[in-house]
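Taking it in order: structure first as structure tokens, then the write-up.
Readers should treat all values here as calculations from the given coordinates under stated rules, not as data from a laboratory. Every value quoted in this text rests on a predicted model; they were computed, and no experiment measured them. Every residue, glycine among them, receives a Cβ derived from its backbone with ideal geometry; neighbour counts consider all protein chains shown.
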Amino acid sequence: MGVPTLLDVDRSQSICVIGAGSSGLAAAKNLNEEGFAVDVLEHERDLGGNWNYELDCARVYRSTHTITSKHTMRFVDFSMPGDFPEYPHHSQICNYLQQYADRFQLRPLIEFNTGVERIEPEPGTDDWNVTLSNGQIRCYAAVVIANGHNWSPRYPDYPGESTADVFHSAAYKTAGVFEGKTVLVVGGGNSGCDIAVESAQHGCRTFHSTRRGYYYIPKFLLGTGSERLGQRMRRIQLPLFLRRWLMQTVLRFSIGTPERNGLPKPDHRLYETHPLVNTLLPYYVRHGDIAPKPDIDHFAGRRVHFVDGTSEEVDVVVYATGYNIVFPFIENKWLNWQEGKPRLYKNVFHPTSDTLFVAGLIQPDSGQFGLVDWQMRAVAAWLRARKKNPRQLDWFRNQRQQVDEDLTNGVKMQSTARHSIQVDAWSYRRALQKLVTRLESIVVPSRAA
């Protein structure tokens, strides 16, 4: 290509990873270990993504702790420090990601303050042209999109107009905004529950609006982290109906049913929505500090009318209503976009492209970091096998057409946007491990043993 210019940089022997959050770091680490040249393009000034409270892109609030145990949230080959609590604070997770980057020498691969404006295929090849925010265009052999899916706020559309202070949980940082205020938190996810609790602790009155009832799982049950308890049941291969019965029995005898706690009765079975892990919300409801409300019917100034005919005047409305799946730098057609999301094999592999991947596009019922680690091990193994023995990969090119594969292991999840990328962590991990083993056996046959 001659001497590179601002608009002409040949990186066709390298792989582009977009984002230096937890998923981007896992991608860089696994690709680098397989011997690939890697460029990590990060829009922010530091790594950590959502977990770095100091960055503009972060969606954690000052009090955020994980809802996943440190034992299951970790990367595959990098444990969290022993002095971390069971459910670490966001600052500890950010520190863990910094340590991970140092341990695997990833910092030299990262270009900070480097945004991506556009990704499009190079005609006639498997390469991809990546246009940066400074106008430079680079040609890469492959692209891993790892900029996350929890950053573009999703707002519900209710009739009427509110004159209260309205904002999305993406903008929430500290509970000072609730002091002396009557607050309505909208949304039954984990962030909504956390924020409702903080409002109860700092505000004047708190209402919590949800469309349905949920099962609330305390962070600790029977002397251990509740998630670890669930993992133990999976480890001994208890069937779903028995796991469901055992957990409901433990919940009933430890904290009571949702109805006994003054909460709406769930309209679904346990595990059919993303787990709500919160010890304090039922506690504050029973103390009268949080008043559950159904869905909103309409707004009229500061007054909020609910579908049950009741209404309340509020000062603050917080929408904890999740995020849209958005990749603004690439056209939907290149991601096989259907029904509001990319349709990818294992939510990672494009059904027809050998060189375009998405990391971390999952909502698991257990730790995310380790699952993304296995995703990227599979991507690295695929690219290595494609390079070494391309003729032996027709089976995978056929297999990756299965973009409608059930990743919930048979659990009938509620049909909502938040569950569109739900995966059963236990079976999903095992499937990725088997895929890695088979792909690696093509390159190094002895590994198949």
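Assorted remarks:
- Amide N proximity, segment 327-346 versus residue 419 label position 7 Å along Cα-to-Cβ, cut-off under 18 Å: 339-341
- Listed peptides 365-378, 287-300 by packing density, highest first (mean Cβ within 10 Å): 365-378, 287-300
- Calculated mean residue ellipticity at 222 nm for the chain: -8500 deg cm²/dmol, from DSSP H runs with n ≥ 4 weighted as -39500 (n - 2.57), summed, divided by the residue count and rounded to 500.
- Shown for 206, 321, 310: other C-beta atoms within 10 Å of each C-beta, ranked fewest to most, produce the order 310, 321, 206.
- Segment 316-449 - convex hull of the alpha-carbon atoms, volume per residue in Å³: 132
- Packing-based ranking of 42-52, 273-283, 121-131, 222-232 yields 42-52, 273-283, 222-232, 121-131, ordered from highest to lowest mean Cβ neighbour count within 10 Å.
- Karplus (6.51, -1.76, 1.60) ³J(HN,Hα), θ = phi - 60°, over segment 183-200, in Hz, Gly and Pro reported as x: 10, 10, 9, 10, x, x, x, 5, 5, x, 5, 4, 5, 4, 5, 5, 5, 4
- Angle between the chain longest axis and helix 226-235 axis [Cα atoms, degrees, rounded to 10]: 50
- Within a straight-line Cα-Cα reach of under 19 Å, residue 333 can be paired with the following lysines, leaving aside sequence neighbours fewer than 8 residues apart in one chain: 341, 346.
- Among the GluC sites (Glu not before Pro) found in segment 266-354, those both in a DSSP coil and sparsely packed, with 10 or fewer other Cβ atoms within 10 Å of their Cβ, are 339.
- Taking every C-alpha pair closer than 8 Å and separated by at least 6 residues, the mean separation divided by the residue count of the chain gives a relative contact order of 19 percent.
- Förster radius 45 Å - calculated FRET efficiency between residue 163 and residue 332, Cβ distance, rounded to 0.05: 0.80
- Centre separation in Å (Cα based) which lies between segment 320-350 and segment 116-144: 18
- Answer label for Cα extents along the principal axes in Å (calculated), chosen among (1) 69, 50, 42; (2) 69, 48, 45; (3) 78, 53, 43: (1)
- Normalised by the number of residues in segment 316-449, the average gap of Cα pairs under 8 Å and 6 or more apart makes the relative contact order 28 percent.
- Residue 430/residue 137 FRET efficiency (R0 35 Å; Cβ-Cβ; nearest 0.05): 0.30
- Over all orientations, segment 1-138 has a Cα convex hull whose mean projected area works out to 9.6 square nanometres.
- Each of 294, 396, 363 was placed along the dipole of the chain (beta-carbon charges, centred on the mean Cα), and the one lying farthest toward the positive end is 396.
- Residue-by-residue Karplus 3J(HN,Hα) for segment 36-50, coefficients 6.51, -1.76, 1.60, Hz, glycine and proline x: 7, 6, 10, 10, 9, 9, 10, 5, 7, 8, 8, 8, x, x, 4
- Euclidean distance of C-alpha centroids, segment 69-84 and segment 150-214, integer Å: 31
- Residues whose amide H lies under 5 Å from that of residue 37, counting only those 5 or more places away or on a different chain, are 15; hydrogens are built 1.01 Å from N in the peptide plane.
- Gap separating the Cα centres of segment 233-294 and segment 392-406, nearest whole Å: 37
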